[in-house]
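Only one structure is covered here, and it is reproduced in the block below.
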């Protein structure tokens with residue numbers, strides 16, 4: 001998949017065998033997005049990060065080469081490269097075990113590892129003596145068997161919505177999250193509902209208290225709630241930029257588009273910007 005077109009790649013929450021997943025990562029130094037000197041490799045582990053669970057290794061070209069950071073993609077905003085934001089379009093092999101959680105471990109040099117601070121012919125990035133300077137970051141993604149669902153119309157799928165964020169302070173930019181709960185909460189058909197949740201296509205609509213619409217059916221994403229939520233771990237996430245809003249109270253609702261063509265809409269929730 002081209003680095004200029006990751007829109008068709010599956011997100012981490014809903015990777016599928018035989019399809020491309022977008023393994024995204026942000027490198028942050030002292031609270032600022034920053035490019036590390038060299039990403040060296042990405043290793044994929046099944047179920048647990050252990051040597052015997054290693055299922056794939058993706059080497060990255062040397063930083064001196066023109067193709068660096070291939071096969072990684074660096075995020076762009078228009079024609080401007082965004083520092084610190086990388087994507088690995090990873091094609092899931094058809095022989096991967098699914099459903100299963102996988103871990104992607106990124107190994108990188110944060111700064112030039114040479115003692116004199118410059119890259120020389122004697123500075124071999126694969127030199128074992130430089131290994132202590134390599135940092136690693138571990139993230140995870142979920143792989144499912146395929147894109148197919150079935151529905152016999154015998155049971156109606158129901159969802160409850162729980163607003164998790166009600167107060168924002170301008171001019172912050174942070175996610176607005178709404179908990180997504182299959183109903184009845186502890187007695188729903190797990191095998192019917194759970195396989196489709198990562199593939200739901202949620203949208204959000206936002207208006208003022210006087211019903212002046214500001215956002216209409218803008219795409220959201222499915223994420224995971226922090227904490228031990230075994231029955232309802234999913235959230236609908238929308239990145240809210242309060243710098244574009246006046247101080248006050250706003251109304252919003254979430255719409256879920258299900259694979260069978262039906263939809264579910266939450267009641268009106270509120271959030272305030274102070």
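List of remarks:
- Residue list for the range 197-212, filter: in contact with a strand residue (DSSP E or B) (Cβ under 9 Å, 6 or more places away or on another chain) and exposed (fewer than 11 other Cβ atoms within 10 Å of the Cβ): 209, 211
- Taken over the range 60-77, the criterion of being within 16 Å of residue 89 (Cα to Cα) and more than 22 Å from the chain's Cα centre (by Cα) is satisfied by 61, 67, 68.
- The set of residues from the range 254-268 being exposed (fewer than 13 other Cβ atoms within 10 Å of the Cβ) and either at positive phi or in contact with a helix residue (DSSP H, G or I) (Cβ under 7 Å, 6 or more places away or on another chain) (or both) comprises just one member, 261.
- For the range 38-57, a residue qualifies if it is closer than 14 Å to residue 135 by Cα and surrounded by 15 or more Cβ atoms within 10 Å (Cβ to Cβ), and the qualifying residues are 38, 39, 40, 42, 43.
- Among the candidates 161, 141, residue that is within 30 Å of residue 33 (Cβ to Cβ), in a strand (DSSP E or B) and in contact (Cβ under 8 Å) with a residue 12 or more places away in the chain: 141
- Note on the range 145-188: residues that are surrounded by 15 or more Cβ atoms within 10 Å (Cβ to Cβ) and touching a helix residue (DSSP H, G or I) at 6+ places or on another chain (Cβ under 8 Å) total 4.
- Residue 103 being touching a helix residue (DSSP H, G or I) at 6+ places or on another chain (Cβ under 9 Å), closer than 17 Å to residue 38 by Cα and either surrounded by 12 or more Cβ atoms within 10 Å (Cβ to Cβ) or touching a residue at least 40 places away in the same chain (Cβ under 8 Å) (or both): no
- Which numbered condition residue 22 misses (of (1) more than 14 Å from the chain's Cα centre (by Cα); (2) touching a residue at least 40 places away in the same chain (Cβ under 8 Å); (3) crowded, with 19+ Cβ neighbours inside 10 Å): (1)
Listed here are the residues, each with its yes/no results for (1) over 25 Å from residue 112 (Cβ atoms); (2) at pLDDT below 95.
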position	(1), (2)
62	no, yes
66	no, yes
70	no, yes
74	no, yes
77	yes, yes
80	no, yes
86	no, no
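- Across the range 58-84, the number of residues qualifying as in a strand (DSSP E or B) and surrounded by fewer than 18 Cβ atoms within 10 Å (Cβ to Cβ) comes to 11.
The values are calculated or read from the model by the stated rules, or taken from the named source; none is laboratory data. Because the structure is a prediction, the values reported are computed rather than measured. Neighbour counts are summed over all protein chains in view; Cβ atoms, including those assigned to glycine, are modelled from backbone coordinates with ideal geometry.
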